[in-house]
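Peer 1: The structure that follows is given in the form of structure tokens.
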Amino acid sequence: MQKLISKQKVSSDNCLMKSKEGFATQLDKKWFRLFVAAAFIIITATACIGSSEEKPVTKTNFMLDTLISIQAFGPNASGAIDKAFERIADIEKKMTSKAEFSEVISINNMAGNDFSQVSPDTFFVIKKGLYYSRLTEGKFDITVGPLVNLWGIGTEEARVPAEDEIKEILPLVDYRQVEVNEQDNSVFLKKHNMSIDLGGIAKGYAADEAARVLREHGVKQGTVNLGGNIITIGTKPNGQLWKIGIQNPFFKTRGNIMSTVEVADKTLVTSGPYERYLEKDGKIYHHILDTKSGFPIENDLMSVTIISESSIDADALSTAVFAMGLKEGRDFIESTEEVDAIFITKDYKVYITSGVENYNFTIVDEQFQLED
């Protein structure tokens, strides 16, 4: 989708958080609700730029099922942002599972029959997805497609499937049944009716690629926000770090933060059960599915935020670590180099890995308590 939704210069008293309110007068209510729901991590008011300093160019676009906002500084900022959106559109076209055709859909249509050749982009993301599928022993699994389609959470067809339906589908969710051919970038799903779903990793790749394009076009300071997948480029023009607000997961509407971190050249990605969910007979069924049971994950976590240098890695890890739960997930991240995490539990307690303190982690909502 290439139609530009909004293009604006951000003034000295109009930072990103305030600009969300401005969108309401420019977007129809549907897109505004989607934007608010997508802004999982918020660049806080302290990211505003002084009146004497250079102002950013900010543009938004609806892609990858979310509203994307990119801001950049410098003389080439506007053109660089346009190129970044073109790159995101290219990735979406190749990897979506919600269109008449894509490379991923081609792979799924050939399941059980033959290999399907794909572009280097799609092949890279699938290989990365398989890496994390193996590393997390299926907590993150790119073959979750049949299960995602069965539940349909986030779509008009959302429903709670019967247990026998889930049992019938589960054998199709198995990353070990994916074969890749390095010689010609082809992929084969060994069982009929298997399907790949890159929804848990493609957005991270798109964020990384958008940031790469911006840098290649001379942008040294800026931010990329793909529905909550945040990437910061450099520092703010005044040399200060970007202050990122972590969403209070107990609010269904976004914009209420519970803590902040200060970063440069980092990405933050959050997963939680309240992003998308189905409510039936008073029970909430969220979209993060257990690949072993076929039902939504049940543990004490409300959200997990990953801080790293790679958004594709953070995207996969945020889902996998949420599925692991607090203790296993925290131990897993502590054993992973250059990655940190913030865990929020259902009793308003906050747990962080050792490196988070390096980002001036600060709780700003008194409801939450930092635990050792």
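Peer 1: Compare the peptides 224-233, 138-147 by average per-residue count of other Cβ atoms within 10 angstrom and give them in order, highest first.
Peer 2: In decreasing order of mean packing, 224-233, 138-147 become 224-233, 138-147.
Peer 1: Here's something else I'd like to know. Which value in nm describes the separation of the simple spin-label points at S354 and T235, placed 7 Å from the Cα toward the beta carbon?
Peer 2: 2.7 nm
Peer 1: Also, quick follow-up: About its Cα centre, how strong a charge dipole does segment 291-372 have in debye, to the nearest 20, once Lys and Arg get +1 and Asp and Glu get -1 at the Cβ?
Peer 2: Computed charge dipole of segment 291-372: roughly 340 debye.
Peer 1: Ok, one more. Once you place label points 7 Å from the Cα toward the Cβ at E100 and K280, how far apart are they in nm?
Peer 2: Label-label distance for E100 and K280, simple model: 3.2 nm.
Peer 1: Highest first, please rank the peptides 90-96, 266-272, 110-116 by the mean number of other Cβ atoms sitting within 10 Å of their residues.
Peer 2: 266-272, 90-96, 110-116
Peer 1: Exactly which chymotrypsin sites (Phe, Trp or Tyr not before Pro) in segment 183-283 are in a DSSP loop and have at most 14 other Cβ atoms within 10 Å?
Peer 2: Those that pass, being in a loop and sparsely packed, are F251.
Peer 1: I've got another one for you. Working out 0.36 nm times the residue gap between E54 and Q177, then minus their Cα-Cα distance, what length gain in nm do you get to one decimal?
Peer 2: That pair, E54 and Q177, stretches by 39.1 nm at full extension.
Peer 1: Ok, one more. Through the Karplus equation 6.51 cos²θ - 1.76 cosθ + 1.60, θ set to phi - 60°, convert the phi angles of segment 161-173 into ³J(HN,Hα) values in whole Hz; use x for Gly and Pro.
Peer 2: x, 6, 4, 5, 5, 5, 4, 5, 7, 3, x, 7, 9
Peer 1: Follow-up question, since we're still on this one. For a quick check: sort F85, F343 by the number of other beta carbons within 10 angstrom, fewest at the front.
Peer 2: With the fewest neighbours first, F85, F343 line up as F85, F343.
Peer 1: Once the piece of chain linking S335 and T362 is laid out straight, how much longer is it, given 0.36 nm per residue of separation minus the C-alpha distance between them?
Peer 2: Roughly 7.4 nm would be gained on extension.
Peer 1: Taking the Cβ-Cβ separation of E86 and F124 as r and a Förster radius of 30 Å, what is the calculated FRET efficiency to the nearest 0.05?
Peer 2: So, using R0 = 30 Å, E works out to roughly 0.95.
Peer 1: Of all DSSP beta bridges located in segment 305-372, what percent are antiparallel, nearest 5?
Peer 2: Around 75 percent of the beta bridges assigned by DSSP in segment 305-372 are antiparallel ones.
Peer 1: Give the separation of the Cα centroids, segment 143-162 to segment 298-341, in Å.
Peer 2: Each part's Cα centre sits 24 Å from the other's.
Peer 1: Just flag the GluC sites (Glu not before Pro) in segment 137-238 sitting in loop per DSSP whose Cβ has no more than 11 other Cβ atoms within 10 Å.
Peer 2: E156, E157, E182
Peer 1: Can you give me the relative contact order of segment 227-318 as a percent, contacts being Cα pairs under 8 Å and 6 or more apart?
Peer 2: For segment 227-318, the relative contact order is 29 percent.
Peer 1: Something else: Please give me, ordered by residue number, the GluC sites (Glu not before Pro) of segment 313-372 that lie in loop per DSSP and have at most 13 other Cβ atoms within 10 Å.
Peer 2: Taking segment 313-372 and a limit of 13 other Cβ atoms within 10 Å, the loop GluC sites (Glu not before Pro) found are E337, E338, E366, E371.
Peer 1: Using r as the Cβ-Cβ distance of N193 and E371, and R0 as 45 Å, what FRET efficiency do you calculate, to the nearest 0.05?
Peer 2: Using R0 = 45 Å, I get an efficiency of 0.55.
Peer 1: Which of rounded, prolate, oblate describes segment 186-326, given a ≥ b ≥ c as roots of the alpha-carbon gyration tensor eigenvalues and a/c under 1.5 marking rounded, otherwise prolate only if a/b is larger than b/c?
Peer 2: It is oblate, given that a/c is not under 1.5 and a/b is not larger than b/c.
Peer 1: I'd like the FRET efficiency for Q117 and A162, computed as 1/(1 + (r/R0)^6) with the beta carbon distance as r and R0 of 41 Å, rounded to 0.05.
Peer 2: The formula returns an efficiency of 0.65 here.
Peer 1: Explain nothing, just the number: dipole magnitude of segment 170-288 about its Cα centre with +1 on each Lys and Arg Cβ and -1 on each Asp and Glu Cβ, in debye rounded to the nearest 20.
Peer 2: 440 debye
Peer 1: Right, here's the next one. In whole Å, what are the extents of segment 305-372 along the principal axes defined by its C-alpha atoms, from largest to smallest?
Peer 2: Projected onto the principal axes, the Cα atoms of segment 305-372 cover 32, 25, 18 Å.
Peer 1: Here's a follow-up. Using the Cα gyration tensor of segment 149-257, with a ≥ b ≥ c the square roots of its eigenvalues, what is the shape: rounded (a/c below 1.5), prolate (a/b larger than b/c) or oblate (neither)?
Peer 2: Oblate, since a/c reaches 1.5 and b/c is not below a/b.
Quick note: the coordinates plus some simple rules give every number you see, no bench work behind them. Predicted, not measured: the structure shown is a model, and the values here were computed from it. Note: ideal-geometry Cβ built from the backbone for every residue, glycine included; neighbour counts use all protein chains shown.
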